[in-house]
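See structure below.
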Amino acid sequence: SNIMSWTYKTHKIGDITQFPENTFGFVYIVTHKPSKKAYIGKKVLFHNKKQKIGKRELEKLQGVVGRRPSYRLIVKESDWMNYYGSQKDIKQLLLEGKKDEFERTILKMCPNKKSLTYFEIKYQMIYQVLEKPDDFFNDNILGKFFTRDLEDIKFEDFVSDKI
């Protein structure tokens, strides 16, 4: 169904194979259509997961010198397909069964963790998520800058032709 996919430019993305090969994750904007309120965040495509190595497999490693590993790292696809954001108001709307009221758009695909965080912040700044609390669910950037830190500032005082 249409609901389950993400949109990237003009494309619908509903499968991991549709991402460029080196994609680590993406920056997205999720919009609640009735309220026009949006959320900008990031999502990784894969998780590294520790899996305990079984007895039989450990026995095969008998000849190995040094400390034998008790875990192996397995890479598992994340829940990106069914993801709508972790923000509490969004989660509440989803609990109320309002999934189809949301539109999910990918803004940027990134090849590694650093660039993913960078572009998440870049888009949150460009869209002024903290300065427009009526338009965005986001209430912080990086857990460092919060909407409440900006409450006393009247942003229109700083608007000029130079910017």
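The values are calculated or read from the model by the stated rules, or taken from the named source; none is laboratory data. For clarity, every value in this text was computed on a predicted model and none was experimentally measured. Virtual Cβ from ideal backbone geometry, glycine too; neighbours counted across all protein chains shown. Just so you know, the surface numbers come from the protein's heavy atoms only, side chains and all, with ligands and any DNA or RNA stripped out. Shrake-Rupley method; radii C 1.70, N 1.55, O 1.52, S 1.80 Å.
Worth a mention:
- Projecting label points 7 angstrom from Cα along Cα→Cβ for Q92 and R56 puts them 5.1 nm apart.
- Relative contact order computed over the stretch 6-62 (Cα-Cα under 8 Å; 6+ residues apart), in percent: 24
- Taking a sphere under 13 Å around the Cβ of N48 and counting the other residues whose Cβ falls inside, with K and R at +1 and D and E at -1, yields a net charge of +4.
- Highest mean first, the peptides 4-14, 80-90, 46-56 sorted by other C-beta atoms within 10 Å per residue fall in the order 80-90, 4-14, 46-56.
- Percent carbon-and-sulfur accessible area, the chain, ignoring ligands, DNA and RNA, probe 1.4 Å: 52
- When +1 charges are put on Lys and Arg Cβ atoms and -1 charges on Asp and Glu Cβ atoms, the dipole computed for the stretch 61-163 relative to its Cα centre reaches about 1160 debye.
- On full extension, the segment bounded by N48 and T10 gains 10.6 nm, given 0.36 nm per residue less the C-alpha separation.
- Other residues lying with their Cβ under 15 Å from the Cβ of S78 contribute a combined charge of +3, Lys and Arg counting +1, Asp and Glu -1.
- Counting only protein heavy atoms and a 1.4 Å probe, the chain has 70 square angstrom of accessible area per residue.
- Helix 113-126 vs. the chain, principal-axis angle (Cα, 0 to 90°, nearest 10): 10
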